[in-house]
Amino acid sequence: ATKLDDRATYADGSFGAHLDFYTLPLFGRKLLQQHNDVARSKSFMLRVGYLFSRTPSGSTDPFTEHTPTVETHWRFHLPGTLLLADRNRVDFRLVDGEHQPRYRNRLKLERTFKAGRVDLTPYSHAEAFYDWRFDKFHRFRYAAGAEVSLGRHLIFEAYYLRQKDTVSEPKYVNAVGAALQFYFR
């Protein structure tokens with residue numbers, strides 16, 4: 001959920017679920033390090049999912065969005081135990097019944113540190129959005145953050161994100177966020 005300005009109510013929220021499919025390691029089993037998040041130890045992943053988002057009916061710009069998604073993740077082990085991930089995602093968005101697809105590409109660089117039974121993973125990423133309504137890449141996001149594993153099935157994430165949008169208002173967004181991720185094997 002997100003909150004705008006100093007309003008006491010939330011501006012929007014979303015809920016979703018995804019299924020992940022993995023390949024066997026392409027370049028040997030020990031190339032990618034083991035991690036509580038199983039996806040980080042795989043070279044390739046295909047994800048299919050669905051997101052639902054809407055604003056409250058009393059909002060200044062109410063909307064309902066249904067978003068089936070398909071994405072691929074390629075992961076490459078770099079020197080210094082760095083991990084480079086390239087995510088390509090297509091959002092088949094239906095916003096108030098209107099089809100508004102978009103493509104997103106994100107490059108993410110991260111490194112995991114062991115602290116006893118806990119994994120700490122600082123990261124940074126850059127993401128570009130292509131929207132067919134505008135026929136161009138128009139939104140760019142830059143983020144830095146960290147994830148902390150809280151057991152085998154739970155990860156807490158905190159981050160700072162800066163967004164630039166060349167066609168929408170506001171042009172710039174600075175955000176601080178947190179996420180709780182649940183994993184089922």
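What's the whole-number percent of alpha carbon pairs in the stretch 139-179 lying beyond 11 angstrom?
Values: 535 of 820 pairs.
Within the stretch 139-179, distances greater than 11 Å cover 65 percent of Cα pairs.
With the cut-off at 25 Å, report for the stretch 64-185 the share of all Cα pairs above it, as a whole percent. In whole percent, the share of Cα-Cα pairs in the stretch 64-185 beyond 25 Å is 33.
For Val167, what is the net charge nearby, where nearby means another residue's Cβ is under 13 Å from its Cβ and Lys, Arg count +1, Asp, Glu -1? Don't jump to the answer; show the numbers that get you there.
Numbers: positive: Arg102, Arg133, Lys136, Arg139, Lys164, Lys171; negative: Asp131, Asp135, Asp165, Glu169.
Here the charged neighbours net out to +2.
Of Thr121, Tyr103, Pro79, which is farthest on the positive side of the dipole of the stretch 70-137, counting Cα position, with +1 on Lys and Arg Cβ, -1 on Asp and Glu Cβ, and the Cα centre as origin? Going by the charge dipole, the pick is Pro79. With both labels modelled 7 Å from their Cα along Cα-to-Cβ, the Phe182 to Ala115 distance reads 2.5 nm. The listed peptides 142-155, 79-92, ordered by packing as a protection proxy, come out as 142-155, 79-92 (highest mean of other Cβ atoms within 10 Å first).
Roughly speaking, what is the stretch gain from Lys164 to Leu107, that is 0.36 nm per residue apart minus the C-alpha to C-alpha distance, in nm to one decimal? Don't skip to the end; give the middle numbers.
On the way: separation 57, 0.36 × 57 = 20.52 nm, distance 1.65 nm.
So the chain would gain 18.9 nm between Lys164 and Leu107.
Over the stretch 96-136, consider all pairs of different Cα atoms and compute the Kirkwood hydrodynamic radius from their mean reciprocal separation; express it in Å, one decimal. Here the Kirkwood hydrodynamic radius works out to 13.2 Å.
FYI, it's all coordinate maths here, none of it is from the lab. Worth saying up front: this structure is predicted, and the values here are computed from it rather than measured. Every residue, glycine as well, gets a Cβ built from its backbone with ideal geometry; the counts of neighbours run over all protein chains shown.
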